[in-house]
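The values are calculated or read from the model by the stated rules, or taken from the named source; none is laboratory data. Since this is a predicted model, take the numbers as computed values, not measurements. Positions of Cβ are backbone-derived with ideal geometry, glycine not excepted, and every protein chain shown enters the neighbour counts. Accessible surface is based on the protein model in full, side chains and every heavy atom, while ligands, DNA and RNA are left aside. Shrake-Rupley method; radii C 1.70, N 1.55, O 1.52, S 1.80 Å.
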Amino acid sequence: METESEPYVRLASLRQLHRAMADMNTARSLADTLQTVADGVVGALGYELACVNLVRPDGDLVVAALSGNTAAEALITGRVGSRESWDRRLTMGERWGDLVFIPHTEGWVLDDDDVPQWYTDGPAPRFEDEWHPSDRLFAPMYAPGPAGGGTSGELIGVLSVDRPRNGRRPGAWGREALQMYAFQAAIAISNARLRSNMQRALVRLEREQQALRASEESFRQAFEYAPSGMAIAEMGGDQHGRILRTNDALCRLLGRPASAMRRYSFSDLVHPEDIGTLLRTSAEGGRAELRLARRDGTYVWVSLRNSV
């Protein structure tokens, strides 16, 4: 990006920034989105190093992606900094809008905290806005708030940037571009998390449906091929006791096809003298001996056991 003395941003830089924002919104996974965010800072905003620190469920921040230096990436990716240390960083230094700049003259107090970092020392700046190797610039990323505001939501991560290619602290244009980029990155990360959660939910739902289908199939086989007669009847309502389903053993016992059985309720099939026994057993559960009508008009004694 251009320095503050420039009254414009080059069209090529704007195109790079637009491309970087488009890329991070089309990444396929959360991990890809995080890496694309880091790569976009290096490719479009003019920094040699960029790091995405992501807030974990426990509140601490993990280095989730780094771009610009393979040695630094291997050294600190996956390492965690405490939320306490990060809160300290984000409340000191200079406020550049939503950005936090900690000059090397103040940042030395952070050298021994637990935030993973790659900063090195160097000679004193030769001019006022020269970037020092120990300068720190952070762009907090906030989840979009209820009205779509930038900082009204919770902190979801922090972009750390280092080593501007022009060797200078960013001017007004560079600060605005980084702040806008962090806002768009927060939206992309939030959307990627939502997609990831939805994908996990879909996988979990599919597994549950598979388990349900397997359970239903097991029940069907146990019901259909049981050696004893079995039936499923409706409970409550106007059609209390109506037979919904019977197995082959019960159909053979009563000499009636399954399609005909569904036209009856148990009270239609029980001997008139055994209706009271049926009603008590239906209400209380348990066992009872009673007579059921066969298709030929005869009755057969059965041991009935029901459960709700």
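Taking the accessible area of segment 76-170, probe 1.4 Å, and keeping the other protein chains in place, the carbon and sulfur fraction comes to 48%.
Normalising the average separation of contacting C-alpha pairs (under 8 angstrom, six or more residues apart) by the number of residues puts the relative contact order of segment 46-91 at 32 percent.
Report the local net charge at residue 122: Lys and Arg +1, Asp and Glu -1, summed over other residues whose C-beta lies under 13 Å from its C-beta. Surrounding charge for residue 122 is -2. Relative to the globular-protein estimate of 2.2 N^0.38 Å, the Cα radius of gyration of segment 217-256 stands at 1.26.
All other residues with a Cβ under 15 Å from the Cβ of residue 221 taken together, and with Lys, Arg as +1 and Asp, Glu as -1, what is their net charge? If you can, show how the numbers build up before the last one.
On the way: positive: 213, 220, 245; negative: 216, 217, 224, 248.
Net charge in that neighbourhood comes out at -1.
Just one of (1) 61; (2) 56; (3) 50 is percent of Cα pairs over 28 Å apart calculated from these coordinates, so which is it? Given (1) 61; (2) 56; (3) 50, the structure-derived one carries the label (2).
Under a Gaussian network description of the chain, with springs only between Cα atoms under 10 Å, the residue in 36, 70, 277 that fluctuates furthest is 277. Among the chymotrypsin sites (Phe, Trp or Tyr not before Pro) in segment 209-240, which ones are in a DSSP loop with at most 11 other Cβ atoms within 10 Å of the Cβ? Mind listing them? Passing sites in segment 209-240 are 225.
Kindly provide the trypsin sites (Lys or Arg not before Pro) of segment 238-308 that DSSP labels as loop, not H, G, I, E or B, and whose Cβ sees at most 10 other Cβ atoms within 10 Å. Let's see the in-between values first.
Details: sites: 242, 245, 252, 262, 263, 280, 287, 291, 294, 295, 305; in loops: 262, 263, 294, 295.
Answer by residue number: 263.
Spacing of the modelled spin labels on residue 199 and residue 124, each 7 Å from Cα toward Cβ, amounts to 5.3 nm.
Considering only the other residues whose Cβ falls under 15 Å of the Cβ of residue 187, what net charge follows from Lys and Arg at +1 and Asp and Glu at -1? Here the count lands on -1. The C-alpha atoms of the chain define a longest principal axis, and helix 30-44 lies at about 20 degrees to it.
Which residues does the label zone of residue 240 cover in segment 252-271, counting backbone N under 15 Å from a point 7 Å along Cα→Cβ? Counting backbone N atoms under 15 Å from the label point, the list is 265-268. Solvent-accessible surface of segment 70-205, taken per residue with a 1.4 Å probe and all protein chains present: 51 Å². Computed from backbone phi, the HN-Hα couplings of segment 73-87 come to 4, 5, 6, 10, 4, x, 7, 10, x, 5, 5, 4, 5, 5, 4 Hz, rounded to whole numbers (Karplus: 6.51 cos²θ - 1.76 cosθ + 1.60, θ = phi - 60°; Gly and Pro given as x). Compared with the dominant principal axis of the Cα atoms in the chain, helix 275-284 is inclined by about 20°.
Roughly to the nearest percent, how much of the accessible area of segment 204-308 is carbon and sulfur, given a 1.4 Å probe?
Working: 3530 of 7150 Å².
Whole-percent figure for carbon plus sulfur exposure: 49.
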